[in-house]
Amino acid sequence: MLSWATSNLNDAQFKDEVSLETFKSLLNVALQYDEDHHLEYVAILVHYLQDMEFQQRIATPKLLDDLVTLMLEFEARLQPDDIEAVFQELATSKNADTVTSDEAQVLLLAQLIGLLSAASSTDVFARNFNIRSPVIERLEAKLRAPWESAHPSTICACVMVGNLAMSDEVCIDMVKIMELHLRLITILKKSDKPALLYAAAGFMRHLTFPEANRAVLADAGLMEACCRMLVLDDPSVRGEAAAMLCKLVTGNFYNIEKVMYETVGPDTEAVDSEISAETVIFSHIVEQALAPSAPLPSTTMKNPMIELGRTIVAMLRYLGRPNAEKDVEAVQIQILQIPQIAKPIAQLVRQRFYPEARSEGLLGLGLLAQTMEGAAAIAEEIKEDSGLLETIKEHANATEAGIAQQAPTTASRDHQNAIVLLQALQNNAVRELQEAVGEVLRTSRLTKWTQYSRIRQSLSKHQRDNSTWRRSSGDNSVMSSPGRDSPGRVRDLTRRATEAALTTPGRARTSTYLADPNDDRPRTPVRVREVIGDFEQVSPRTVKESPARERLKGKGMKRTSTAPA
């Protein structure tokens, strides 16, 4: 009768005080555990929790603590086979061979975990809880348990604790004081549960945002863990691994050197015996960027091909910065020696779903083309894929009217990047390509260096911003209630009422960022002034004087000590 009455409540009744009091009373009854009716009680509670507004009303210390207790006790009563079934139910990707469970207890626990995770995405949760709240400390204890004993509730712990990683200060404390990253890295290196890997990776990715954390995380083995995750089958897990690598190398020469000189390690070889443990991380990144991947369950999830291409561009961006303090020549030489180095960046340009990634791809090719060797790599790619040059021409020949019809900032940036790229190719590429590129430059709306000079003059006052790659708040991928259109990740995992799933944590709650389509509040926008700043030290005059070819024939690579103090 109670179940029937609850399912027939109208919106006003569902959200009034009577419903809240009924929920509290029913939760108390469920905690007493009546074997004959326990599942019915939990099903009614889950029905209430599916409402996003109701989730905010239960984000109080007493109610959330009781709900976590209910989840842990429910989980403790399940058999090992049921526990495994819950992990499968929470997985973001399911193929034709995946067997879903029809057991009520499995479906209900999966729902409960997903909905409690969703409740932690609300503003009320952020106001009412911190890392010292008793219920958060209970969840933290789940993270500190041996990885072999991880249960589905560990997924919920990753999400809820991760949703408190909303500032640099908290993230740094979680790494340098609480040392939560050590447990998370162990999970990422050892677990074979996609749902757990996805949640732990989402939490870990937020810990990579503070620059002060990046070298520490890399030294703790996060890069090797990411390399292992890249060879797993689940595309959402691969995407998270790629996004973490991109963040680790952003503006961090110490980590860029690790990528260029260190190896993937034995954990990757254990998953894929065809990949040697001695494979250099950067070679692995290039290979995995070109590897086929299963479709993502949601477009808001990280795309591994896109994120790995952005990783390479982030490295080129740092190495091409004006007035770089580090000796980057050896790394630049090593990058140019990697086969197919241009192909992952070209993929960013050729795809049309992620406009920001396309802009970064044009920038990356432009940076690569500033040397004879890089231009030759692009020329080889154009020979294999003639559509690449056509795509570049399309952006270079964009008219004022065409740019106005698109997103003005993105279209204008793409046009500028394409012009600079073509000019570099004309200066450095083979004769056949020079002729084709020259024709485009002659017919573009602003020929040759007229456009380039105008951009430099109009934006020169902003060059001091070129090296600024910091965020103002945090990750804008915020979890939300299943089935809702607001930003978040729980909705990506919860596909029906009987298979609510958990998500990885989010960050800034005031943004409308929807992840990959605009990419990484885990992403740093490419501003036009950054584009010009990146090319400031490699204008056509300095390109001709570049000793890149002599360096390739001359001294070897010596790694410098750049570890942070």
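Computed from the coordinates by the stated procedures, all read-outs in this text should not be read as laboratory data. Keep in mind the model is a prediction, meaning the values are calculated, not measured. Using ideal geometry, Cβ is built from the backbone for each residue, glycine included, and neighbour counts are taken over all protein chains shown.
Based on the alpha-carbon gyration tensor of the stretch 170-317 and its eigenvalue square roots a ≥ b ≥ c, which shape applies: rounded if a/c is under 1.5, prolate if not and a/b is larger than b/c, or oblate?
Rounded shape, in that the Cα axes give a/c under 1.5.
Any chance you could run the full-extension gain for GLU390 through GLN32? It's 0.36 nm times the residue separation minus the Cα-Cα distance, nm to one decimal.
Working: separation 358, 0.36 × 358 = 128.88 nm, distance 6.82 nm.
So the extension gain works out to 122.1 nm.
By its C-alpha gyration tensor, with a ≥ b ≥ c as the square roots of the eigenvalues, how is the stretch 265-388 shaped: rounded for a/c under 1.5, else prolate for a/b larger than b/c, else oblate?
Oblate, because a/c is 1.5 or more while a/b does not exceed b/c.
Which order do the peptides 196-204, 386-394 take when ranked by the mean count of other beta-carbon atoms within 10 Å per residue, highest first?
Top of the packing list down: 196-204, 386-394.
Quick check on packing: order 281-288, 418-425 by the mean number of other C-beta atoms within 10 Å, highest mean leading.
Result, highest mean Cβ count within 10 Å first: 418-425, 281-288.
Roughly speaking, what is the centre-to-centre gap between the stretch 15-52 and the stretch 307-327 when only Cα atoms are used, to the nearest Å?
53 Å
Between the stretch 237-296 and the stretch 111-171, what is the separation of their alpha carbon centroids in Å?
Spelled out, the Cα-based centre of one part sits 28 Å from the other.
Can you pull a Stokes-Einstein diffusion coefficient for the stretch 5-77 at 20 °C (1.002 mPa s), Rh from Kirkwood over Cα pairs, as a whole number of µm²/s?
After rounding, the answer is 170 µm²/s.
Within the set LYS190/LYS302; LYS24/LYS193; LYS176/LYS326; LYS142/LYS302; LYS247/LYS302; LYS247/LYS326, which residue pairs have Cα atoms separated by over 23 Å?
LYS24/LYS193; LYS176/LYS326; LYS142/LYS302, as the Cα separations exceed 23 Å there.
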